[in-house]
Amino acid sequence: MLLPVPHFHPAVAAALLLGLAGLGAVLPAQAAPPATAVQDQAPGPAPDADPDALPQGPLAEPAPPAEPTDAARLRAREDLDLLFAELAQPGGETWARAESDIIRIWSRSGSAVTDLLYKRGESALDAGDTAAAIGHLTALTDHAPDFAAGWHLRAVAFYLDGDPGPALSDLGQALRLEPRHFGALTQLGAILEELGDDRGALSAFRKSLKIHPHQQEALDAVRRLERQTQGTDA
């Protein structure tokens, strides 16, 4: 579902439009706010410990698994490529399963700490607590800066919190790490449409639909924007 778009300061809009070329580079990354969620601590109990803090001592995160081999990485990449090919099929119903599998793979980091922070961010968003979500997800992006799903989810949290600048920066990070992130592209289209950049929005929605052609809200947006830009070079 496309999220409601808050009012943007003109400077934010100008920076976005100047950096939009190719939709692979939105606003440059901004300094993240201090993490208010879980932080790494020295082992041992604290009298006023946050009940949500990560377990310490014997319950701490197990040792990370061995680094996957090049062959394992290649198999994972091939699996995603097959799923994206299935997702792009124009007919049938298997695309819905492919969509679910892609999102599930994207949300798995391979790290128990990262996965826990991601789930806590999701739960906070579901509860409408955007401040807590931003805290958990800031800890996540600090801990796992190469995890695209964390940047995208924090962009959603900033967006819902009415803070568009960091949201746009996080969308840019997500797209740099995963250019096929159709959710980030669709969200970018929604922002640009609200800003009045119909051509940029139409381009973003079309790029998203080229990857995932079954997004009904993006399809509706393209039809709407094509009518509004009729007779232009959009």
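The values are calculated or read from the model by the stated rules, or taken from the named source; none is laboratory data. Treat the numbers as computed from the prediction; the structure is a model and nothing was measured. Note that each Cβ is placed from the backbone with ideal geometry, even for glycine, and that neighbours are counted across all protein chains shown. These accessible areas exclude ligands, DNA and RNA; they are computed on the full protein's heavy atoms, side chains included. Shrake-Rupley method; radii C 1.70, N 1.55, O 1.52, S 1.80 Å.
Being more than 22 Å from LEU219 (Cβ to Cβ), touching a residue at least 24 places away in the same chain (Cβ under 8 Å), more than 12 Å from the chain's Cα centre (by Cα) and in a loop (DSSP other than H, G, I, E, B): is that true of GLY162 here? Step through it out loud before you land on a result.
Numbers: more than 22 Å from LEU219 (Cβ to Cβ): yes; touching a residue at least 24 places away in the same chain (Cβ under 8 Å): yes; more than 12 Å from the chain's Cα centre (by Cα): yes; in a loop (DSSP other than H, G, I, E, B): yes.
Yes, satisfied.
Could you pull out the residue among ALA76, ALA85, ALA96 that is out of contact with any strand residue (DSSP E or B) (no Cβ under 8 Å at 6 or more places or on another chain) and either among the acidic types (Asp, Glu) or modelled with pLDDT under 90 (or both)?
ALA76
Among residues that are free of Cβ contacts under 8 Å to residues at least 40 places away in the same chain, in a helix (DSSP H, G or I), within 26 Å of ALA133 (Cβ to Cβ) and open to solvent by less than 50 Å² (accessible area, probe 1.4 Å), ALA184 is included.
Which of the residues that make up the range 104-122 are in contact with a helix residue (DSSP H, G or I) (Cβ under 8 Å, 6 or more places away or on another chain) and not aromatic (Phe, Trp, Tyr)? Across the range 104-122, the qualifying residues are ILE105, SER107, ARG108, SER109, SER111, VAL113, THR114, LEU117, ARG120, GLY121, GLU122.
Quick check on my filter: what residues within the range 99-128 are touching a residue at least 12 places away in the same chain (Cβ under 8 Å) and in a loop (DSSP other than H, G, I, E, B)? Within the range 99-128, SER107, SER109, GLY110, SER111 qualify.
Looking across GLY128, GLY135, GLY162, one residue alone is open to solvent by 10 Å² or more (accessible area, probe 1.4 Å), modelled with pLDDT of 95 or more and farther than 19 Å from TRP106 by Cβ. It is GLY128. Looking at ALA218, ALA167, ALA190, ALA201, just one residue is under 24 Å from ALA85 (Cβ atoms) and open to solvent by less than 40 Å² (accessible area, probe 1.4 Å), and that residue is ALA218. One residue stands out in the range 138-150 among those that are open to solvent by 30 Å² or more (accessible area, probe 1.4 Å) and part of a helix (DSSP H, G or I): the one that is nearest to PRO166 (Cα to Cα), namely ASP142. Could you tell me which residue of the range 190-234 is farthest from the chain's Cα centre (by Cα), considering only residues that are assigned to a loop (DSSP other than H, G, I, E, B) and not polar (S, T, N, Q)? Among those that are assigned to a loop (DSSP other than H, G, I, E, B) and not polar (S, T, N, Q), it is GLY231.
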